[in-house]
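Novice: Just dropping this structure here.
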Amino acid sequence: MASKEVRGDNSGFVDNWQSGKSLAECNSHMLTSEDSCDVNFRVGKEEKLVRAHRYVLMSRSCVFHAMLCGPLAEKEEIKIPDVEGEIFSEMLRYLYTDTSTPTAENVTGVLYLAKKYAVGGLERLCLTYLESSLTAENACVILEQAHVFDEEKLLDRALKVIVQNGDVAIQSSAFTALCHTCFHKIVSAADFVAKPETVFSAAMSWCEDECKRHGREITRDNKRLVLGDSVYDIDFTAMDAKEFVRFVVPSGVLSNEEYIKLLCFFTMSEGDVAPFKIKPKQLVSHSKVSLYKSSVYSKGKAQTSVIIIKCYDDLRLLGFVVYGSGDCSYDIKLEHEIGASFQDAKQAKLSGKSGFGACVKLHLNQPFILERCERYRIHITMASGETVTQGSSLLSEVFAGSCRISVSKSGLNKTENGLISHLILENT
């Protein structure tokens, strides 16, 4: 006679929770309900108890298979002190269901576990998330993680974002947390262009944090010590002489001989400054120049953004990257300052194309010449459609290659935020 399984309340009915559920859903239920678990983990500093099933872990990871099977198998509770419980549970969720939800908060921890336990699918999922979420604001964080995990492709992509958006990236809090290797990769990059004073200030902040990481007192000598030969890659020769005297000389990180060598270069505009490096002038070819430090949620329609720019070399303006979508259309007006007033120079009506993220590209029908040291006012109005994000904290100075561009708000702006994410520029 067949036996009959009954519920704990002795009602005589089987609890058929499996009905209508997929394999992944059944596995998830077994994990979250801790039904028939046969292995215990103590996770994190607080040794949180996490329970699981040997069969699932062994079938999904060769590392877990070795830990749980054979003569060296763990018999007692397994301690996992190097991550917190939420991160470990997220990895288990992937092992049970083949799904995971990477976030900015958990992705590096989950990637660490994916590598540690040889879970290739989860590793690829984390790397894809990091690559797709790269911005100037988080590129330093991702660069450091790519270095730690020896992910060369991701490291190269993060470094490219940093060197293309130098002024924004090096002012992020993550820049001062970089290891010396990653710090050196940035300041020594041949195509890294940012305001020299900003680079030096960021480098000094990095030095102070690096001294703390090594338990050293923050002194001039110790800052020079942690800088090492990277000091010669900081582009002092691109500074204005007055700014050099104002910012660099008081820092005390250079020797008297080095100060004299650089001051002679400023005076003569020639001569040997070795071991300091003079970076070649960067040409601009379809360069996208970021105008804002970050973006913020700001949903709305029919918005207008007005900025004033001044280039210190002749450039061609090819178009813009603006906040919005492919459903949006925009009215563009460019004005050239002549005398004491701005006069119309070009008008266009453009629709969003080549959408990526919360932005779209707008290409002008004909390039617009921005003449050296002339001021131009750019109006962009969203004629139709809406955006959910806008630029926040307008940068006062940016670079296209080695060409400096000053940026300011116009009194015509109705809001603090802006629609123009990037300018698309090239050399004349």
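Novice: What's the local net charge at residue 246, with K and R +1, D and E -1, over the other residues with C-beta under 10 Å away?
Specialist: -2
Novice: State the answer as a single residue: which of 334, 254, 219 lies farthest towards the positive end of the charge dipole of the chain, with beta carbon charges of +1 for Lys and Arg and -1 for Asp and Glu, about the Cα centre.
Specialist: 334
Novice: Out of all DSSP beta bridges in the chain, what portion is antiparallel? Express it as a percent rounded to 5.
Specialist: That works out to approximately 95 percent antiparallel.
Novice: With label points built 7 Å along Cα→Cβ from the Cα atoms of residue 427 and residue 314, find their separation and express it in nm.
Specialist: 1.3 nm
Novice: Treating cross-link reach as a plain straight distance, find the aspartates and glutamates whose alpha-carbon is under 16 Å from the alpha-carbon of residue 79, omitting any fewer than eight places away in the same chain.
Specialist: Excluding near neighbours in sequence, the set is 38, 46, 47.
Novice: Take every Cα pair under 8 Å in the chain that's 6+ residues apart, average their separations, divide by the length, and report that relative contact order as a whole percent.
Specialist: 12 percent
Novice: Among the DSSP beta bridges whose two residues both lie in the stretch 16-132, what percent are antiparallel, rounded to the nearest 5?
Specialist: 60 percent
Novice: What's the longest bit of the chain with no exposed GluC sites (Glu not before Pro), using DSSP loop states and at most 16 other Cβ atoms within 10 Å as the test?
Specialist: Maximal segment without exposed cleavage sites: 106-216.
Novice: If you compute percent of Cα pairs over 39 Å apart for the structure shown, which of [x] 24; [y] 40; [z] 32 do you land on?
Specialist: Here percent of Cα pairs over 39 Å apart agrees with entry [y].
Novice: Further, regarding this structure: Filter 153/349; 293/349; 48/160; 45/116; 279/310 down to the pairs with a C-alpha to C-alpha distance above 29 Å, please.
Specialist: Going by Cα-Cα distance, 153/349; 48/160 fall outside the 29 Å limit.
Novice: As a test of the formula, what do you get for the chain when each DSSP H run with n ≥ 4 contributes -39,500 (n - 2.57) and the sum is divided by the residue count, at 222 nm and rounded to the nearest 500 deg cm²/dmol?
Specialist: -9500 deg cm²/dmol
Novice: Using the alpha-carbon atoms, what tilt in degrees (0 to 90, nearest 10) does helix 107-116 show relative to the longest principal axis of the chain?
Specialist: Roughly 60 degrees, rounded to the nearest 10.
The numbers here are math on the coordinates, done by the rules we state, and not lab data. Keep in mind that what you see is a predicted model, and the values were worked out from it rather than measured. Heads up, the Cβs are rebuilt from the backbone with ideal geometry, glycines too, and the neighbour counts pull from every protein chain shown.
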